[in-house]
Amino acid sequence: MVCFSNREVAIGNPLIFYFSFALIIPTTVSALLYFMAIMKKLILVFCLFLTTSFFVKAQNHLSSDELFKQARNAAFENKDYDKAKELAYEALAQSPGYADIDIFIGRIYAWNHEYDSSRIHFRKVLEANPSNEDANIAFADLEYWNEHYQNGLDICNKALAYYPQSEDLLLRKAKNLKALKQYKEAGLITDELLQKNKQNTAAHALATSLKDETSVNKITISYENSSFDKQYDKAWNLGSISYGRHTKFGTVIGRVNYANRFATGGLQAEVDAYPHISKTFYAYLNFGYSGNSSVFPNYRAGFSLYANLPNSFEAELGLRYLYFSSATNIYTAAIGKYWKSFLFTARTYITPSVSDISQSYSINTRYYLKGADDYIGLTLGTGISPDDNNQNIQYSNKQNKLSSKKISASFDHTFLKWNIISISAGLINQEYQPSVKGNQFNFSIGLSHRF
């Protein structure tokens with residue numbers, strides 16, 4: 001047997017060498033590729049781990065301001081008060097002296113009727129800083145809602161020592177004084193507020209309610225004239241005298257109307273009532289009777305439910321009933337909005353019948369000059385209102401289904417404190433026969449005295 005050394009094999013047998021090299025190289029490359037694939041996966045997993053850890057760490061280390069912002073969004077946009085409190089408490093843990101967060105938490109507790117918990121947060125802020133205006137306002141609101149009017153008044157008085165010109169605090173002081181039946185003192189504050197800012201709609205509303213409380217009686221006389229260029233030869237005349245009294249249930253008004261139309265005179269007796277239901281709702285009730293169906297409806301009645309809505313909105317849904325030789329039901333709806341010194345109201349009257357539906361629309365704008373009884377008004381509309389005693393006679397002959405367009409302006413002004421003068425003028429372009437139109441000119445004047 002012949003033996004060869006390794007050197008001899010390598011040198012003397014090149015085929016064996018190349019064959020061995022060809023086997024080793026692919027195996028080595030495959031191993032390297034497999035190892036690189038594993039390393040790539042490990043790197044990706046490691047990067048994902050680092051990213052997730054960083055994100056979680058960032059989430060767990062939001063600043064108190066960022067957490068407070070999220071809490072407000074949870075409360076105001078999502079109405080999720082539990083989540084809002086959770087985020088607010090987390091923010092408060094980071095910044096224990098952050099007064100705005102304590103006030104926010106206190107308000108959330110108040111909204112959920114957890115009043116004792118709410119007081120803890122308000123008192124905490126005020127013990128650290130008695131002059132904090134927001135905390136005093138929130139605390140005064142809480143006591144007013146709980147009918148602790150003297151406590152609310154005390155809070156306002158202490159805060160006003162620091163902020164004597166604060167409209168928010170003065171308004172809350174006036175509300176508490178009104179609730180304590182100190183009407184004169186509350187009236188002085190609302191007068192002061194309206195002198196400073198005639199656009200304060202809350203002060204306007206409070207001033208109106210105070211007038212009802214301090215002058216429970218009101219007598220009004222009024223006269224209205226309607227003349228025509230084509231439809232009728234003689235003008236219509238309407239005179240009224242009314243007496244109203246404010247009671248703890250609401251205002252009640254008795255009224256006697258005299259009208260002369262179509263060369264015929266007649267009387268109508270009416271009663272209006274505005275009962276209070278809650279802080280949000282109140283109602284309107286009306287009943288009237290006349291024995292002169294050619295001048296007034298034999299019977300009239302009305303009901304409306306009013307709602308004081310957030311953001312200075314007011315809504316109304318109601319029904320009107322008129323009976324001449326037959327009954328007519330009219331449905332009404334309105335939405336109003338206070339904005340600065342303006343009150344905008346959109347209203348519709350809808351009268352269903354067997355063959356058709358009559359519709360009336362109007363937009364009314366008031367600009368308040370001073371108090372609730374001082375304003376300029378403008379009304380644009382179509383159709384006839386069943387609440388207009390000088391026009392609703394037209395429901396008796398179905399002419400309300402013919403088209404009409406109207407515009408009117410009004411002016412109400414208080415003088416010598418307890419007296420109000422009211423003046424209005426308007427134009428109605430009335431289709432009194434199919435495709436035949438005429439103009440109607442209206443003028444009215446009224447005088448009221450409170451006592």
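The values are calculated or read from the model by the stated rules, or taken from the named source; none is laboratory data. Keep in mind that this is a model prediction, so the values were computed, not measured. Because the Cβ atoms are built from the backbone with ideal geometry, glycine has one as well, and the counts that use them run over all protein chains shown.
Quick look at the values:
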quantity: Members of segment 291-325 that are part of a loop (DSSP other than H, G, I, E, B) and more than 29 Å from the chain's Cα centre (by Cα); calculated: Gly291, Asn292, Ser293, Ser294, Val295, Phe296, Pro297, Asn298, Phe324, Ser325
quantity: Count of residues meeting criterion [out of contact with any Phe, Trp or Tyr (no Cβ under 8 Å at 6 or more places or on another chain) and surrounded by 14 or more Cβ atoms within 10 Å (Cβ to Cβ)] in segment 256-276; calculated: 1
quantity: Check on Ala269, under 19 Å from Ser444 (Cα atoms) and modelled with pLDDT of 95 or more; calculated: no
quantity: Glu167 being without any contact (Cβ under 8 Å) to a residue 24 or more places away in the chain, not aliphatic (A, V, I, L, M) and not assigned by TED's automatic domain parsing to the domain that holds Ser435; calculated: no
quantity: Exclusive hit being closer than 16 Å to Tyr395 by Cβ, under 35 Å from the mean Cα position of the chain (by Cα), in a strand (DSSP E or B) and of a type in the set (Gly, Ala, Ser), set Gly254, Gly288; calculated: Gly288
quantity: Enumeration of residues in segment 333-373 that are over 26 Å from Gly187 (Cα atoms) and assigned to a loop (DSSP other than H, G, I, E, B); calculated: Ser353, Val354, Ser355, Asp356
quantity: Flag if Ser95 is modelled with pLDDT of 70 or more and of a type in the set (Ser, Thr, Tyr); calculated: yes
quantity: Residue satisfying condition, being surrounded by 14 or more Cβ atoms within 10 Å (Cβ to Cβ), farther than 30 Å from Tyr432 by Cβ and of a type in the set (Lys, Arg), within set Lys248, Lys279, Lys211; calculated: Lys211
quantity: Residue in segment 190-207 that is on the phi > 0 side of the Ramachandran plot and loosely packed, with under 14 Cβ neighbours inside 10 Å present; calculated: no
quantity: Any chance Tyr115 is hydroxyl-bearing (Ser, Thr, Tyr), modelled with pLDDT of 90 or more, within 21 Å of Trp145 (Cα to Cα) and out of contact with any strand residue (DSSP E or B) (no Cβ under 7 Å at 6 or more places or on another chain); calculated: yes
